[in-house]
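Working notes, beginning with the structure itself.
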Amino acid sequence: MGVPQLGCRCAVCTSTDPRNHRTRPSIHIQHGETQILIDAPPELRLQLLRTGLDQHLDAVLITHTHADHIMGLDDIRGFTIYTGRTVPVYAEASALDDLKRVFRYIFFPYPPGVSIPQIEFREITGVLEIGTLTIEPLRVFHGEMPILAFRIGDFAYVTDVSYIPPDTWVRLQGLKLLILDALRREPHPTHFHLAKAIEVANELKPARTLFTHLTHDLDYETTNAELPEGMELAYDGQVIELA
């Protein structure tokens, strides 16, 4: 729901620490000239403008089709208007069905001069090669819903997860950076809560772990002080460089 949360006046929602101000999760990845997004949340336009990442985009990858991960997809039109390039959007077959239903207006016939996102839906069936990036899709579960995580080199992005199958667990070994779901302090049926996320990170042993998809349960400074070495909360606009 983002932080501040509507109607809430808790210490985190009223915090002046910008690291407690949380839009819905997505990540921008750049390798050389290649730039991709994973997910397109409702605040995508604001995220891109705030970080100056609004000039070039090679692809969008979708983990799953809950509203907080796709409802900014229409804002991709900003890239296509000024570049004249179609942006591919990659997702599983079931997710593509959802996207075509939710964004069906994109494919209606329009007269010249009408602005619509120029996107092309592409099915994820295996490892992706996008520009200079090799991207491995990984199966995880969001409650009973099968969704995707992604591994790119020594980095993995695992959001909205409550269960990691054994085959995926093997593929999450040897990471320099793991970005992992840690919704709140109390257990949740479809997300890792903080203690579970810490347990998973301790077992996978990445060099560094950032926790994402955070609610107002988790104050940035207070929670970071409690975390084991090598683990921390992610925050909006954070930039991480990997060698």
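A short reminder: the numbers here are calculations on the coordinates, not readings from a lab. Computed from a prediction, not measured in an experiment: that's the story for all the values here. We place every Cβ from the backbone using ideal geometry, glycine too, and count neighbours over all the protein chains shown.
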Would you mind ranking TYR90, TYR82, TYR235 so that the residue whose beta carbon has the fewest other beta carbons within 10 Å leads the list?
TYR82, TYR235, TYR90
Would you mind computing, in nm to one decimal, how far apart the modelled labels at GLU241 and ARG85 are, each placed 7 Å from Cα along Cα→Cβ?
2.4 nm
Ranking of SER115, SER162, SER94 by count of other Cβ atoms within 10 Å, fewest first
SER115, SER94, SER162
What lysines does LYS196 reach when the alpha-carbon gap must be under 19 Å and sequence neighbours fewer than 8 apart in one chain are set aside?
LYS205
Cβ charges +1 (Lys, Arg) and -1 (Asp, Glu), total dipole of the chain, debye
380 debye
Magnitude of the Cβ-charge dipole of segment 132-223, K/R +1 and D/E -1, about the Cα centre, nearest 20 debye?
280 debye
Of MET71, VAL12, LEU53, which is farthest on the positive side of the dipole of segment 1-147, counting Cα position, with +1 on Lys and Arg Cβ, -1 on Asp and Glu Cβ, and the Cα centre as origin?
VAL12
Can you compute log10 of I(q)/I(0) for the chain with the Debye formula, treating each Cα as one identical point scatterer, at q = 0.09, 0.15 Å⁻¹?
-0.38, -1.08
Compute the angle between helix 93-102 and the longest alpha-carbon principal axis of the chain, please, reported from 0 to 90 degrees and rounded to the nearest 10.
70 degrees
Charge tally for neighbours of PRO166 with beta carbon under 14 Å away, counting Lys, Arg as +1 and Asp, Glu as -1, is 0
Computed [θ] at 222 nm, helices only, for the chain once each DSSP H run of length n ≥ 4 contributes -39500 (n - 2.57):
-5500 deg cm²/dmol
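At a 10 Å Cβ-Cβ cut-off, how would you order THR34, THR223, fewest neighbours first?
THR34, THR223
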Share of Cα-Cα pairs in segment 132-223 beyond 16 Å, whole percent, is 51 percent
If R₀ is 22 angstrom, what is the calculated FRET efficiency for the pair GLN118 and LEU53, using the beta carbon separation as r and rounding to 0.05?
0.75
Quick one: angle between helix 194-204 and the longest Cα principal axis of the chain, in degrees between 0 and 90, rounded to 10, please.
90 degrees
Considering amide H positions built from the backbone, and no H for Pro or chain starts, which residues 5 or more places from HIS142, or on another chain, come under 5 Å of its amide H?
ILE147, SER162
